[in-house]
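Working notes for the structure below.
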Amino acid sequence: ESARLSDLVVLNCTRNVQAYSLFDFLSGSEEPPSFGANGSAEANANATSSPTVNVWSLADLCSLRGVLCREVCRSQHDQNLLDPLCAIANDTAPTDAAGGAIVLPSADDTDPGTEESLSRMLEKSSNEAMTLASYCVTGLQLDNRGLQGDLASLSGLRGLRFLNVSANELTGNVADFAEMKNLEILDVSHNFLGGNLDGFANENLKEFHAADNFFIGNLDGLANLTSLVYVDMTSNGLEGGIESLATLNTLQYIYMNSNNLVGNIDAIQELDSLLVFSAGNNSLSGMLPFSNEMENLVVLILNNNKFAEVGKAFEKMPNLQFADLSGNAFTDNVNRVLSTASPWLGALDLRNNDFSGVIETDIVDEVKNLEFLFISDNPQLKGRLIPDLVNFEQIQVTTVDQFLYYVVDPNVFASIETVSSNYFKIQNDFLSDDYECKDVTYEVDRGVSMQTIQVPEYTKQLYYCFTMPRGKFLIDPDTGNIVPFNISYFANVDSCGIIADQQAGDQQEGHKLLKDFIVPIALPTGTCDDKNDNFISDRVSMTVYVFGEYGGNRPGASKRRGYIQNFNFEIDVQSASVLSDPNTLLPYIIMIVLIVVLALVLSVIVGVTVSMYIAFQKQAKYRKMKKTAESAFVKTRKHSNIKTDNDSCIVFTDIQSSTVLRDSSSQLYNEIILVHDGLIRKLLARLGGIELATEGDGFVLWFESVPYATVFCMELQHELMEVSWSPKVVKLCNSA
């Protein structure tokens with residue numbers, strides 16, 4: 001800051017109840033501060049009937065547990081916050097110890113486009129203490145503090161970007177956050193907030209956690225949160241449908257469990273980024289949506305609703321990993337549901353429905369990654385399922401003919417998944433000579449243990465490029481929410497006997513939307529020599545481990561799941577010809593470019609010359625026609641009734657491509673000329689025109705006015721188009 005808060009001194013503090021209320025809330029004070037009769041700090045210090053007013057500095061504010069401040073504010077350790085600003089609010093001219101004027105702090109280095117500078121904010125403010133607190137405090141982590149009362153004390157903190165007051169006993173409604181336009185994360189879950197969601201508009205809010213409160217009404221208010229990525233309204237009293245969510249294209253997570261929602265869920269197929277939709281324990285109904293592809297949907301939880309048909313929905317969810325459809329009224333044939341399930345489906349719960357049919361013995365074999373399967377309490381279901389139990393952690397199937405229950409110790413299962421979870425297996429890969437993996441130089445054949453790659457000897461390095469796998473989504477059994485995880489990789493490369501440095505990838509938030517994230521791994525080939533007798537001189541071996549690190553504190557649960565893959569390439573070094581080496585190819589490229597440029601220049605010159613010649617010929621033709629018309633006009637005047645006292649009009653006619661027609665077939669050309677000339681002379685006589693001259697296939701005609709000449713031209717063209725020309729003439733004209 002150009003003007004520091006250290007310039008401020010202690011001055012009188014009066015009537016700043018809002019600021020004191022805020023600080024009392026943040027500090028957890030049981031008693032509000034008291035003021036003396038005249039409100040000054042000195043009077044408070046000398047008063048015997050009331051305690052001395054608290055002195056608050058920026059250090060006091062920013063050092064409170066759970067208060068996140070800007071670094072520029074945190075660095076002002078000893079500056080009193082309330083007194084000088086209260087004095088300024090009362091138009092008291094502040095001075096320093098020497099009696100000089102005090103300059104207010106400015107904040108011209110604030111984030112552009114998101115906040116006003118502090119100096120401008122102070123100029124417009126009637127409460128500088130709250131303005132400075134609003135500027136300095138950017139986050140509050142006040143969860144599980146036993147806080148009571150409403151949130152009105154925090155409403156002045158307009159600079160907040162992060163607010164977590166979850167697991168307290170607070171009251172209020174969304175109006176308390178209406179002025180916090182910079183909020184990006186808001187967590188008010190597990191409190192006593194209520195009211196509807198109307199009037200809550202914030203284009204910056206990305207996460208809204210409001211589970212276990214008393215919100216009522218419909219979801220229309222959420223439509224004003226245009227950047228929303230995550231919303232959790234579980235266990236409230238919300239009603240109506242979810243149609244208003246269809247416009248929130250940024251939504252990735254929707255939790256609406258345990259409300260009173262009704263209607264269908266067609267809106268979710270409009271959300272291209274949606275990863276998780278959880279709306280169990282409502283009154284939603286109808287058919288699952290199937291009109292649009294939902295390629296990013298990974299988790300679908302609809303237990304305990306009133307849905308009646310799955311239909312073709314699973315065909316539109318190619319990456320679905322977890323589906324809970326239990327406790328509904330589905331009547332589909334169970335074989336159709338299982339046969340259309342995503343190959344990535346890992347958990348499927350179909351209990352307590354009316355699924356029908358005779359279950360096929362091997363119907364789940366095609367769902368290669370299925371680990372949890374529950375099909376019980378479907379009274380009409382028959383048949384026997386004989387699954388391959390190798391991949392299953394738990395399975396429970398009950399039909400009229402069978403009871404099947406199988407379970408594996410989850411800790412054992414998780415330990416196996418540490419190195420062999422298919423969700424982290426590389427599926428899309430190729431070799432490229434480009435670090436950015438823009439071009440596919442070689443396809444990777446994973447069906448062979450050793451793939452031969454022909455590499456020019458001037459190529460010193462290849463890149464193994466792969467698309468980062470989606471990863472496995474795990475659900476916390478206590479909260480029902482997705483367990484956050486980071487997805488990473490590392491690769492060890494032995495390149496023709498030389499051990500390369502381990503290559504590792506930065507952590508990506510796997511539980512968020514990943515769009516075609518391509519990773520390059522360098523494979524040095526400059527030292528490879530297939531002529532050497534040494535076995536390893538032409539071998540590149542690589543081990544890639546892609547894994548996810550999971551959060552959560554579940555006892556005994558593994559924190560990591562991943563997949564290890566090995567790749568081996570035999571490098572067949574190709575001798576480089578003169579024209580194959582880019583270094584020797586450069587002079588030839590330059591020569592070719594020069595020749596092409598020279599050819600282009602010559603073609604431009606020839607084109608211009610030809611165009612000029614054609615233009616000259618046209619001008620000469622027009623001059624000749626004009627001269628012929630003038631001569632014919634002079635000669636004809638003596639033998640006709642041509643009047644020269646009014647404006648008249650001369651018409652020139654010409655048959656298109658007549659030379660080509662004549663050279664192609666003189667007989668057909670003469671046929672055309674006879675018809676053509678006869679029509680012209682017939683129309684000329686009808687409209688009172690005069691034939692001044694005839695040259696080849698062209699006529700020079702005179703009319704006493706422009707309208708007569710125009711009518712003649714239109715009539716002539718119409719008459720020519722109406723002639724029943726012979727097929728030979730038509731063919732000749734088309735070819736010409």
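What to note about this one:
- Near the amide H of GLY263, within less than 5 Å, lie the amide hydrogens of SER285, all on another chain or at least 5 residues away, with H placed in the peptide plane.
- Karplus-based coupling profile of the range 321-330, in residue order and whole Hz: 10, 9, 9, 10, 10, 5, x, 10, 10, 5, with θ = phi - 60° in 6.51 cos²θ - 1.76 cosθ + 1.60 and x standing for Gly or Pro.
- 3J(HN,Hα) couplings calculated from phi for the range 609-616 with the Karplus curve 6.51 cos²θ - 1.76 cosθ + 1.60 (θ = phi - 60°) are, in sequence order, 4, 4, 4, 5, 5, 4, 4, 4 Hz; Gly and Pro show x.
- Radius 13 Å from Cβ of SER665, net charge of other residues (Lys, Arg +1; Asp, Glu -1): +1
- Heavy atoms of ASP654: accessible area, 1.4 Å probe, square angstrom to 10: 100 Å²
- Residues in the range 681-704 that a label on HIS718 would reach, taking backbone N under 15 Å of a point 7 Å out along Cα→Cβ: 683-684, 686-687
- Within-11-Å neighbourhood charge of LEU193 [Cβ basis; K, R +1; D, E -1]: -4
- Shown is the FRET efficiency for ASP24 and VAL262, computed with R0 = 41 Å from the Cβ-Cβ distance and rounded to the nearest 0.05: 0.40.
- Summed side-chain charge close to SER495 - residues other than SER495 whose Cβ falls under 13 Å, Lys, Arg +1, Asp, Glu -1: -3
- Gain in span if fully extended, ILE216 to LYS460, counting 0.36 nm per residue against the direct Cα distance: 81.3 nm
- Chain lengthening between LYS306 and LYS181 when straightened (0.36 nm per residue, less Cα-Cα): 41.1 nm
- Taking the charge dipole of the range 665-736 about its Cα centre, with +1 at Lys and Arg Cβ atoms and -1 at Asp and Glu Cβ atoms, the residue from VAL729, PHE712, GLY689 reaching farthest to the positive side is VAL729.
- Using C-alpha pairs under 8 Å with a sequence gap of at least 6, the mean separation divided by the residue count of the range 295-358 gives a relative contact order of 37 percent.
- With θ taken as phi - 60° and the Karplus curve 6.51 cos²θ - 1.76 cosθ + 1.60 applied, the whole-hertz 3J(HN,Hα) list for the range 648-658 is 10, 9, 10, 10, 10, 10, 7, 8, 5, 6, 5 Hz, x standing for glycine and proline.
- Taking amide H atoms as placed 1.01 Å from N in the peptide plane, the amide H of LEU692 lies under 5 Å from those of VAL700, LEU701, TRP702, each 5 or more residues away in sequence or on another chain.
- In plain terms, the chain from ASN646 to LEU602 could stretch by 10.6 nm, reckoned as 0.36 nm per residue minus the Cα-Cα distance.
- A 1.4 Å probe, protein heavy atoms only, puts the accessible area of THR694 near 70 Å².
The values are calculated or read from the model by the stated rules, or taken from the named source; none is laboratory data. As the structure is a computational prediction, the values presented were derived from the model and not from experiment. Cβ: placed from backbone, ideal geometry, glycine included. Neighbour counts: every protein chain shown. These area figures cover heavy atoms from the full protein model, side chains too; ligands, DNA and RNA do not enter into them. Shrake-Rupley method; radii C 1.70, N 1.55, O 1.52, S 1.80 Å.
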